[in-house]
Amino acid sequence: MKNRIISACVFAGLLAGGLALADDDEAMIASAKSAGPASVTSKATIKTPDGKILQAGSNSYTCYPQQEIIGPMCNEAVWDALIGAMLKKESFEHNKFSVSYMLAGEGTALGVSNSDPFASDPAASDDWVKEGPHLMIVVPDSAMLEGLSTNPADPVYVMWKDTPYAHIMVKIAAD
């Protein structure tokens, strides 16, 4: 079982994988809301990975509950597009600054390679990370990433540098 999970693409569960939570809408909503601040989640659309709307929203965020291979997250549309492109191994271009909240951390997820968005085996990677509470930020121009660390030991670093899915990771201290 563990080998099947490890061999799966780490983010596949975000849009298509099974939920780690029971088939309980209220539990999924609570999980999704744990990803962001109340000012975001109170008006966010909350969806299951397969697209079922659990709560209609009125802001620019969509939140997803904890799953087997990724923790709860709240994404702006740019982030959903980035993840969709990554899942299809397609190019991704954008011209906006965008934030994804993962304030509950990665939960029981396996984590990811810091350099390879398609890596699926922690044992085959020397840069596997699993973060606690954090923000993920995409910027409109990859040149804006120059000079930032790629070391996951740092509080702010670039993940997946030199790929179309490069973004800034910002660790948030737990309360």
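Rounding to the nearest 20 debye, state how big the charge dipole of the stretch 2-171 is about its Cα centre with +1 on each Lys and Arg Cβ and -1 on each Asp and Glu Cβ. Numbers along the way, then the final one.
On the way: 12 positive and 20 negative charges, 53 e Å.
Dipole about the Cα centre, nearest 20: 260 debye.
Going Cα to Cα from K43, which aspartates and glutamates come in below 18 Å? Please leave out same-chain ones fewer than 8 positions away.
The qualifying aspartates and glutamates are D25, E26, E76, D80.
Residue farthest toward the positive end of the dipole of the chain, with Cβ of Lys/Arg at +1 and Asp/Glu at -1: which of S113, G51, H94?
So the residue we want is G51.
Taking Cα centroids, how far is the stretch 144-166 from the stretch 40-76 in Å?
Spelled out, the Cα-based centre of one part sits 25 Å from the other.
When a footprinting reagent is the concern and you count Cβ atoms within 10 Å, what order do M159, M136 take, fewest first?
Working: M159 22, M136 19.
With the fewest neighbours first, M159, M136 line up as M136, M159.
For L148, what charge total do you get from the other residues with a beta carbon under 12 Å from its beta carbon, if Lys and Arg give +1 and Asp and Glu give -1?
Numbers: positive: K161; negative: E146, D154.
Net charge around L148: -1.
Is there a pair in K33/K130; K96/K161; K52/K171; K52/K130 whose C-alpha atoms are over 25 Å apart, and which pairs would that be? It would help to have the intermediate numbers written out before the result.
Values: K33/K130 20 Å; K96/K161 17 Å; K52/K171 30 Å; K52/K130 27 Å.
Beyond 25 Å: K52/K171; K52/K130.
Which far-off residues, 5 or more places away or on another chain, put their amide H under 5 Å from the one on Q67, with H placed in the peptide plane?
A20
What residues of the stretch 82-116 lie in the reach of a label at A143, counting those whose backbone N is under 16 Å from a point 7 Å from the Cα along Cα→Cβ?
94-96
Using 0.36 nm times the number of residues separating A38 and I53, minus their current alpha carbon distance, what extension gain do you get?
So the extension gain works out to 3.5 nm.
Search the structure for amide H atoms under 5 Å from the amide H of W128, placed 1.01 Å from N in the peptide plane, and list their residues when 5 or more places away or on another chain.
Under 5 Å from the amide H of W128 lie the amide H atoms of N114, each far enough along the sequence or on another chain.
Longest span of the chain, sites excluded, free of trypsin sites (Lys or Arg not before Pro) in DSSP loop with at most 14 other C-beta atoms within 10 Å?
97-175
Going through the stretch 75-142, which chymotrypsin sites (Phe, Trp or Tyr not before Pro) have at most 15 other Cβ atoms within 10 Å and a DSSP loop state? List each step's numbers first, then the result.
Numbers: sites: W79, F92, F97, Y101, F118, W128; in loops: F92, F97, F118.
Passing both the DSSP loop test and the Cβ count: F97, F118.
Every number in this text was worked out from the coordinates using simple rules, so none of it is lab data. For clarity, every value in this text was computed on a predicted model and none was experimentally measured. Here Cβ is always computed from backbone atoms with ideal geometry, including for glycine, and neighbour counts include all displayed protein chains.
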